[in-house]
1. Loop-only check: which chymotrypsin sites (Phe, Trp or Tyr not before Pro) in the range 46-118 are DSSP coil with at most 12 other Cβ within 10 angstrom?
2. Please state the shape class of the range 76-185: rounded when a/c is under 1.5, otherwise prolate if a/b exceeds b/c and oblate if not, all from the C-alpha gyration tensor.
3. With the cut-off at 1.5 for a/c, could you classify the range 216-369 from its C-alpha gyration tensor as rounded, prolate or oblate?
4. Suppose R0 equals 35 Å. What FRET efficiency, 1/(1 + (r/R0)^6) with r the Cβ-Cβ distance, do residue 346 and residue 23 give to the nearest 0.05?
5. What trypsin sites (Lys or Arg not before Pro) in the range 53-115 are in a loop by DSSP, with at most 16 other Cβ atoms within 10 Å of the Cβ?
6. Listed highest first by mean packing, meaning other Cβ atoms within 10 Å per residue, what order do 221-231, 586-596, 251-261, 145-155 come in?
7. So, in Å, what gap is there between the alpha-carbon centers of the range 344-361 and the range 168-209?
8. Distance between Cα centroids, the range 29-51 to the range 137-152: provide it in whole Å.
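No value in this document is a laboratory result; all are computed from the given coordinates. Computed from a predicted structure; not experimentally measured. Reconstructed Cβ throughout: ideal geometry from the backbone, glycine too, with neighbour counts over all protein chains shown.
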Amino acid sequence: MTSMVLARKYRPQSFEAMVGQGHVVQALSNALTQQRLHHAYLFTGTRGVGKTTVSRILAKSLNCVGPEGTGGITAHPCGQCQPCRDIDSGRFVDYVELDAASNRGVEEISQLLDQAVYKPVVGRFKVYMIDEVHMLTNHAFNAMLKTLEEPPEYLKFVLATTDPQKVPVTVLSRCLQFNLRPMAVQTVLEHLQTVLAAEQISFEQPALALLARAARGSMRDALSLTDQAIAFGGGELHEQTVRQMLGAVDRQHVQRIIEAVASGDGAGLVAAVDTLRQLGLSASGTLEELAAALQRMAVVQAVPQAFGADDPDAPLWSELAGLLAPDETQLFYSLALQGRAELALSPDEYSGLLMLLLRLLAFKPGSGAGSNLPPKAEGSAARRAVAEPTALTVASAVPVATPPRQTVREVVAAAASVQRHEQDRSTAARPVPSAEPPPWDDLPVEAYDEESPQLAGLPEPVVDEPVLAEPAPRVAEMPHAPESAPPIPELPANAEADRWTAVVQALCDKGLITALVRELAMQAQCLSFKEGPEGSAWRLRVERDSLRGDGHRDRLTAALGQLLGQPARVDLEAGAVRDTPAIRDQLARQRRQRAAEDLIQRDDLVVSLLNQYPGARVVPGSIRPV
Ligand SMILES: [Zn+2]
C-alpha cells in the first residue's frame, strides 16, 4: 500500500497546513475565533481537493480541549489533546464520517439521525460528516431535513459533494456553503517539493511538473501519483520514468499528428493511427491529449510567454503553436472534443479516431481535401489567405511534374518583379472588419434610426464643403499614428539571403516544396552558396531542431535539383538566424500594413470625418492591406 503513504502522511492536521484553499480556511477560522458557528456546512469541489480534511480539522476545532485540557473552541486545534488525537486516528465516537455513495449509506443515515437526539458521549459537539451527500435518496433527504430544521445545539453537520446541483434546495438553503477549488498546478508543484524535501527524495524538476499537472487539481492524487512514481523509479523521480508511468499517450504521438495536420499530410495521419493501434494506445486518450495540446497551443498563440521554464514541454508548445493559425487551433480543439463522443459510435475506436483526424485535414485550408469543400466551409483562415494573396507562403499543394529549367539569375529577376508588383498593390488599402467590435456596434439598434435622439444629437456632416479644408495635422492625435509606431527594422544587405529568398520563392511558386519542407526552406538562412561542375552546394542555418531532420533535408535537396536542373547538395547547421525568407516575408507584411495605415490616416475623407465627430477614431487593427 505504498501508494497511499504520502497522501496519508501529509494530510494537513491544521487549517494553517492546508494548501491552496485560503478563502475557505480564512472564513472558517474567523467564524471559529468569533464563535459564530453555523449548524450545517456544505463543502463542494472535485475529488481530492480537501473536503474530508477540512471536515476533520473543523471537528477538532470544535472539540479541542488544548494540551492542558482547559481550552475551548479554537481555530488552532492543538493536535495533542485526546479529542484531537482521536479524531486524527478515526477513533472519536462523536465524529462520524459516512459515505452516502456506498451501499450502506442510506441505511446508516437513518440510524445516524436516530442517534442525533442523544448528546455527545465525550466531546463538546457531535459532528456528522456525510460525503457525496447528493447520492442520498429523497427519503433520506427528508429525514435529514427534519433534523436540519431544528438541530440540537450540540450537533453539527458537515456535508460534502462533488455535485451540488443534485442536492435539494431545501437542504442547500440550510447550509453554509464553501467551494473548495481545484488546486493550481503551481500550488501542487510547490507542495510536492516541500514533501519530497522532507522525505529526502531526489527529483528532477520536470518530473515533478508532469506529476503536478497529471493530478488535475487534486492534491491527494498528486501525492498518490508521486508515491507510485517513486516506487516505479526505484526511489527517485526522473522525468523519463515519470513520463513512462503516466505515459498513456506520449506527447510525441500528438506532436506527430499536429504536424501532419499542419502540413496536410494524410499519409502521415494514417501512419500515426496505425502506430497507436499497434501500441494499443487508447484512441480516446489520444484525443484527450490532442485537445490538451491544442489548448496549450492556443494559450501560447495568445500569450507567448504563458508557459514558464518550469514546464518541460514549453518549447514544444511554442513550436507547435507556430504551425497553426489561432482560428484553426480553436476549430481543431472543438473538433477534438466533439470527436471523443463520436468514438463510441464508430465501428472501432481507431477508425473513429482516423475519421476525426481526417476531418481536421478536411477543414485545414489549402490541404488537398479542403480544396474540394465550398469556400464557406474552409473557415476564416482560408478567407484570410485569400485576403493576403501576396504572402510568400501561399503555394500549391500539387507539385508540378516537369518544371521548366530556370537559372538562378532568371529566378532572381522573377522574384524582383514579384516584389515590385507587391509594392504597387500595397498602395491600395481598405478597412476590413477586425476582431475588436467596431464602435458602431456599441450603439443600440435604435441609434441607427434617423429619429433617434442619439443620432440627432450629433453634428450634421457637412458634405458640400471641400474636405481638403483641414489637412494632415490631425493625424498626430490618432491612435496608432505613424509617429508613435516603432520603426520596422531594415535587414542589412545580404547577397546570399537575396539569392536564397528568390530560390525559395521559385520553389514555392512551382509547388516543388510543401508542408514542413517548405517550412524548412522558409526558416533557413543561407550562409554560403557554391556552384561547380558537380552542381550547387548550399550551406543553410536553421534554428528549429525539428526542421533539420534528414528526411526534410533530402526532400529539399531533391527539389533544388529539380528547380535548378543540376545536382544539389544541402548542409544544415543549427544556430540563430537573422535573415530568412520567413523573416523577410514577415517584414514585408509589416511594411504593407504600415503603408496601408498611413494611407488611411492621411486620407482626406477620414481626416475630415475625425475632425467633425469628436471621439471618432480609426479602430486599431481594422486596416488591412489588399
Ligand atoms: Zn486539541
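1. Hits after loop and neighbour filter: 118.
2. Working: a/c = 1.69, a/b = 1.19, b/c = 1.42.
It comes out oblate by the Cα gyration axes.
3. Numbers: a/c = 2.04, a/b = 1.38, b/c = 1.48.
Because a/c hits 1.5 or more and a/b fails to exceed b/c, the range 216-369 counts as oblate.
4. Working from the Cβ atoms, E equals 0.20.
5. Answer by residue number: 91, 104.
6. Per-residue Cβ counts within 10 Å, averaged per peptide and sorted highest first, yield 221-231, 251-261, 586-596, 145-155.
7. Each part reduced to its Cα centre gives a spacing of 36 Å.
8. Each part's Cα centre sits 20 Å from the other's.
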